[in-house]
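Read through the structure below, which is laid out as structure tokens, and then see the notes.
The values are calculated or read from the model by the stated rules, or taken from the named source; none is laboratory data. All of these numbers come straight from a predicted model, not from anything done at the bench. Cβ placement follows ideal geometry from the backbone for every residue including glycine, while neighbour counts extend to all protein chains displayed. Heavy atoms of the whole protein, side chains included, go into the accessibility calculation; ligands, DNA and RNA do not. Shrake-Rupley method; radii C 1.70, N 1.55, O 1.52, S 1.80 Å.
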Amino acid sequence: MPRASYTPVDFTALPGWRDDPVDAVWPAFLVGCRALTQLPSMQSTWQAPCAAAALIDGRDGAAVRAYFESNFNVYRVSVSGGGDTGLITGYYEPLIVGSRLATDVFRTPLYAVPDDLLSVDLGSLYPELKDKRVRGRLDGKRVVPYWARSDIERGTAPVAGKAIAFVAEPIDAFFLQIQGSGRIQLGDGTVMRVGYADQNGHPFRSIARVLIDRGELSADRASKQAIEAWGRAHPDALPALLDENPSYVFFREVPPPAPGSLDAMIDGPIGSLGVPLLAERTIAVDPHFIPLGAPVFVSTSYPLSTRALERLVMAQDTGGAIRGPVRADFFWGFGDAAGREAGRMRQQGRLWLIWPKNAALPSA
């Protein structure tokens, strides 16, 4: 595993810091504080800055900027012995038409967590493996890897009766697993929200990379939209392509937020921190290097352009494909417009960790 370096710099070193309307991130910061101050392991780091935040008028951009400059230090994130530039991709919350029950149209299931899926916290057995977790199943008295995507799709895994919803196309379910959450438009006009519940433990493999390596897509055109078009043109070959990614995500139904709450105002899917994600102000990161819940300044560009995208965001989610110190997945929000941006985003960028003063830096 690579190691990260954290180089202290001033806020003035952040490109676009003075121009960013940082009050836009404030709802995400507050909801993150709520989660972080409830975690015993995080309280020593976050209690003081979160208490200070309660005194700030979040509608006042100057006050919010001054708050961060007074309570946080800035660290440029880089790979030890390497550079400070990495890949920034995008994701979103899709809306898919579906059903709670299988029909002639809606036949592709979204599964809840199977009963035989084991999640083993290795740190509870070996302290030196803190934060390491493996997933598997029992085969007699042995723990073996859980079933891969192809096995689950073919019914080898005990998933009968575990579907919580059905959608029309396998590729819709596949991309919903990549996004990790979404909304299902039901026939009665209501919307069912689904979120990440667990994963089968297999590593993520990009089917875009598979198509690029085969010469069927060029690297600059390997977007979600291009993959969907390839699937429509090659329906018989699509199942085998999807099986190239052995990773499989299981879902749970997510209740709607309470009306009038901060969560309802944000109105996003639930990220790994357990809080709703604010559109265009939250990212998924590798928590080995960027602590979950931390503010991060990102400098990248809009999809398929050189137009600068520079802003303060919150690291409130993780993802199976997000690995490394300088790596992030930018949350674009809900719906088709967000999906278009997310599907095309594969930009280079830099990250700065915004970390509470007097708190020990993460060890990475």
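Assorted remarks:
- Beta bridges assigned by DSSP with both partners in the chain are antiparallel in approximately 80 percent of cases.
- Per-atom-type breakdown for the chain gives carbon and sulfur 52% of the accessible area (1.4 Å probe, protein chains only).
- Helix 61-71 vs. the chain, principal-axis angle (Cα, 0 to 90°, nearest 10): 80
- Between the helical axis of 43-53 and the longest alpha-carbon principal axis of the chain there is an angle of about 70 degrees.
- Gaussian network model of the chain, springs between alpha carbon atoms under 10 Å - residue of 288, 234, 202 with greatest fluctuation: 234
- Dipole moment magnitude, nearest 20 debye, the chain about Cα centre, only Lys, Arg, Asp, Glu C-beta charged: 600
- GNM result for the chain, Cα springs below 10 Å: residue of 207, 322, 178 fluctuating most strongly: 207
- The chain: calculated mean residue ellipticity at 222 nm from DSSP helix runs of at least 4, using -39500 (n - 2.57): -6500 deg cm²/dmol
- Distance between modelled label sites at residue 186 and residue 144, nm, 7 Å Cα→Cβ extension: 3.8
- A dipole drawn for region 257-364 from +1 and -1 charges on Cβ atoms has a positive end, and of 275, 331, 289 the residue lying farthest that way is 289.
- Label-to-label distance, nm, for residues given as residue 57 and residue 103 (7 Å Cα→Cβ offset): 5.2
- Solvent-free Debye calculation, one equal scatterer per alpha-carbon of region 276-364: log10 I(q)/I(0) at 0.22, 0.25 Å⁻¹ equals -1.12, -1.40.
- In this rough spin-label picture, where each label sits 7 Å from Cα along the Cβ direction, the residue 162-residue 7 distance is 4.7 nm.
- Gaussian network model of the chain, Cα within-10 Å springs - most flexible of 237, 24, 208: 237
- Förster radius 45 Å - calculated FRET efficiency between residue 236 and residue 121 (Cβ-Cβ, nearest 0.05): 0.60
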